[in-house]
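Quick notes on the structure that follows.
The values are calculated or read from the model by the stated rules, or taken from the named source; none is laboratory data. Quick caveat, the model's predicted, so the values are computed rather than measured. Backbone-built Cβ (ideal geometry, glycine too); neighbour counts: all protein chains shown.
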Amino acid sequence: MRDIRTPPRWKDPEIQHQVDIALLEDDAAQIEADEARRKIVPLLSRLHRGSVLFPGSQGYRYSVWVRNLRYSLKRPAAVVHAVTAWDVVATVRFCVQERLKLTIRSGGHSNAAHCLNDNGIVLDMRMLNKVVIHPNEDILYVSGGALWSDVYRELHDKDPRLIVVGGQCPTVGVSGFLLGGGISPFSRSYGLGIDSIEAIEIVKANGELDIVSAENHPDLFWALRGGGGGNFGVATGFFLKVHTLNHPEGMVTCGTLGWSVGDMKSRKKFIDTMINWDQTPLPPALCGDALWRYRRDRETKEKRLWAEITIMYNGGKNDCDSELAKVLRGEPDVNTLKEMNFYDWEVGGEAFANHSQVHQHHSSVIIEKGRMTEHVVNFITDWMVSKKEHELESENGGCHVLWDHIGQQTSQKKPDETAFPWRTGEYALSMKASWSNEEKENEMVAEVQRLRDELTKYAIGGKAAYVNFIDDTLTGWWDAYYDTNYERLRQLKKIYDPEDFFEFQQSIRKPRSDHPEIHTVPSRSVAAHKGELDEKNDFLQDDTTQIEKPFSQDAPAESVSDLGCGSLQSGRCSAMSLKRYILGLFARLKS
Ligand SMILES: Cc1cc2nc3c(=O)[nH]c(=O)nc-3n(C[C@H](O)[C@H](O)[C@H](O)COP(=O)(O)OP(=O)(O)OC[C@H]3O[C@@H](n4cnc5c(N)ncnc54)[C@H](O)[C@@H]3O)c2cc1C
């Protein structure tokens, strides 16, 4: 079994706090890098324990490497590896003061690499990955750079019956996931990820660290729940409600039901099941995510189109089977349902590689129950059939269509109760095309667009899309992601980020600032990437020489006096004082 313990982080935080510089081979690049360095190096003395990394260094490459090759041209001037919230405070203040662009990176799963930028600073949050469970086990603190694997491991060690509303993919970042809404296999049982947020610790555009909750800045709390990552500040921590699974021993029933839809009989059974699924009332405990993809047959090695439903039932197998009996039309070709512990499912599941070597394009729509018609299911299946040639000719490329099953508890809130507006949705569909031959870019983007155009006719309001499945070619994205909540988000932007400091291609803009033209990022040839790819694949093992600059112990560390957190005010925090700080915040939240 694959271990989903925290994936390798760049370095041990204890040996952080240095400038990581490497010499560049290209003279022009070196001059540009030197200039940026002169401006940015002073940031180091303001950091608490973090590092500043420049182009050419391994730590820099670690942070700018994203899974979608379409965005590998993005070149920030420097990267900051934050180790504490103080590093975040210092970086935000420095960038505001020096008028430097800043974007935030956690899990790096943004489909359009909105975590990166050109010529600014990328704040890599992945060292901030603490998870602390309150002694009563009803609330959990997770630092803003954690991945879901960090959280699930901690919960599992404590008590396998405990669960939070987190991502199915263990390498997705907690922050990006939660700030955009957060669709989980447990969303039908407990709501979206944002519905379980008690409070958010955030560094705002004015450089203050603050706790935002229903009591403290309720308007900002509203915006952060669904407004999308990177818009209103840097989240350094979340306080999340912990839920207890239905089964007395914390078991769930999960696995795959699969139909080989190249076969007309199987295709008919699948389509009948889907239509029945859509028309039958289903309990909150049952979540079924549909997935169309090509799989290689183990024996014949041939690629075949499969339509699958990934089941996550919050309860035992007998109950699950009787619920499924109401919707299944005939036996699927494959049924791997098993009762197991959720953590074992995560450990044994397929994590989507963050370091893939393909160009990708994604889009999405959100559809209500009753709209998953025969035409929709047939259209998706035929679209996938039409991709067979592409699938066969490209080893790394391919296409898939996936819908995440929501509804039930996700629809308990009104569309304007949080910034996520699509509360009546039942299926959040994402469609993806990937290719390794860059000449295919226009064709593949157009193909995803063709599918999206058709499915949009069935989307809520003829437009609904999911901000977490971000699509940088979407015209009218603000309307598609936020609907009528957009106007309120803009007003709040004016209050909390009046200078549009947190800005990227699809960021929320304060009123009167124009939306920019939507550009797509040109691809570089795969050959041009080759050297980089090989290098990147090796970089975690390879530890080249760095020029170290020791942290000046006299440098004034930033402190956050408005929180009044005694032990942290000195600007130095040990693991113990961090724990005390978090427990103190728990106490305040609960009082
Ligand atoms: C394989 C895969 C599986 C997925 N599964 C799901 C799923 O099951 N459910 C679901 O809802 N979504 C899912 N998503 C979408 C995912 O939730 C979004 O892409 C999310 O934005 C990723 O967050 P991240 O931190 O990993 O990415 P990043 O690229 O690091 O960040 C995404 C955005 O959030 C901003 N951001 C990151 N960290 C912070 C922070 N600390 N404070 C403020 N802003 C920040 C970034 O600047 C960027 O704009 C999936 C995506 C992938 C690629």
message = Looking at the structure I just gave you, is Leu162 more than 9 Å from the ligand (Cβ to nearest atom), closer than 27 Å to Pro284 by Cβ and among the hydrophobic types (A, V, I, L, M, F, W, C)?
response = yes
ask   = What are the residues in the range 50-84 that are over 24 Å from the mean Cα position of the chain (by Cα) and surrounded by fewer than 21 Cβ atoms within 10 Å (Cβ to Cβ), if any?
value = Gly56
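Might you let me know whether the range 445-459 holds any residue that is more than 16 Å from the ligand (Cβ to nearest atom), out of contact with any Ser or Thr (no Cβ under 6 Å at 6 or more places or on another chain), within 17 Å of Ala113 (Cβ to Cβ) and not in a strand (DSSP E or B)?
Within the range 445-459 (the criterion being more than 16 Å from the ligand (Cβ to nearest atom), out of contact with any Ser or Thr (no Cβ under 6 Å at 6 or more places or on another chain), within 17 Å of Ala113 (Cβ to Cβ) and not in a strand (DSSP E or B)), the answer is yes, since at least one residue qualifies.
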query = Scanning for something surrounded by 14 or more Cβ atoms within 10 Å (Cβ to Cβ), touching a strand residue (DSSP E or B) at 6+ places or on another chain (Cβ under 9 Å) and closer than 17 Å to Val445 by Cα, does the range 336-358 turn up at least one residue?
reply = yes
query = In the range 150-190, what residues are under 20 Å from Ile139 (Cβ atoms) and outside any helix (DSSP H, G or I)?
reply = Asp159, Pro160, Arg161, Leu162, Ile163, Val164, Val165, Gly166, Gly167, Gly182, Ser184, Phe186
inquiry  = Cβ contacts < 8 Å: first residue without any contact (Cβ under 8 Å) to a residue 24 or more places away in the chain, restricted to the range 136-158; second residue crowded, with 24+ Cβ neighbours inside 10 Å and not in a strand (DSSP E or B), any location; separation 6+ or different chain. Result?
reply    = Val151/Val164; Val151/Gly166; Val151/Val174
request  = Please work out if Asn442 is within 16 Å of the ligand (Cβ to nearest atom) and either more than 25 Å from Gln279 (Cβ to Cβ) or outside the structural domain of Lys303 (by TED's automatic domain parsing) (or both).
outcome  = no
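Does the range 226-238 contain at least one residue that is more than 13 Å from the ligand (Cβ to nearest atom) and crowded, with 18+ Cβ neighbours inside 10 Å?
Going residue by residue through the range 226-238, those that are more than 13 Å from the ligand (Cβ to nearest atom) are none.
No: the range 226-238 contains no residue that is more than 13 Å from the ligand (Cβ to nearest atom) and crowded, with 18+ Cβ neighbours inside 10 Å.
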inquiry  = Against the condition away from the ligand (no atom under 14 Å from the Cβ), surrounded by 22 or more Cβ atoms within 10 Å (Cβ to Cβ) and farther than 26 Å from Leu69 by Cβ, how does Glu426 come out, does it pass?
reply    = yes
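Kindly provide the set of residues from the range 404-414 that are part of a loop (DSSP other than H, G, I, E, B) and touching a residue at least 24 places away in the same chain (Cβ under 8 Å), ordered by number. Walk me through it before giving the result.
Restricting attention to the range 404-414, the residues satisfying the condition of being part of a loop (DSSP other than H, G, I, E, B) are 406-407, 412-414.
Answer for the range 404-414, where residues must be part of a loop (DSSP other than H, G, I, E, B) and touching a residue at least 24 places away in the same chain (Cβ under 8 Å): Ile406, Gly407, Gln412, Lys413.
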request  = Kindly check whether there is at least one residue in the range 169-187 that is in contact with a Pro (Cβ under 9 Å, 6 or more places away or on another chain), under 30 Å from Val252 (Cβ atoms) and either in the same structural domain as Tyr482 (by TED's automatic domain parsing) or away from the ligand (no atom under 12 Å from the Cβ) (or both).
outcome  = no
Contacts under 8 angstrom Cβ, first residue in the range 392-403 being closer than 24 Å to Ala428 by Cβ and outside the structural domain of Lys303 (by TED's automatic domain parsing), partner in a helix (DSSP H, G or I) and modelled with pLDDT of 80 or more, 6 or more apart = none
task = Just need a number here: residues in the range 122-141 that are more than 12 Å from the ligand (Cβ to nearest atom) and either buried (at least 24 other Cβ atoms within 10 Å of the Cβ) or in a strand (DSSP E or B) (or both).
result = 6
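Yes or no: Val151 within 8 Å of the ligand (Cβ to nearest atom), closer than 30 Å to Ser72 by Cα and within 16 Å of the chain's Cα centre (by Cα)? Give the derivation first.
Numbers: within 8 Å of the ligand (Cβ to nearest atom): no; closer than 30 Å to Ser72 by Cα: yes; within 16 Å of the chain's Cα centre (by Cα): yes.
So Val151 does not fit the description; no.
Can Tyr486 be described as of a type in the set (Phe, Trp, Tyr), within 16 Å of the ligand (Cβ to nearest atom), modelled with pLDDT of 95 or more and not in a strand (DSSP E or B)?
It is false that Tyr486 is of a type in the set (Phe, Trp, Tyr), within 16 Å of the ligand (Cβ to nearest atom), modelled with pLDDT of 95 or more and not in a strand (DSSP E or B).
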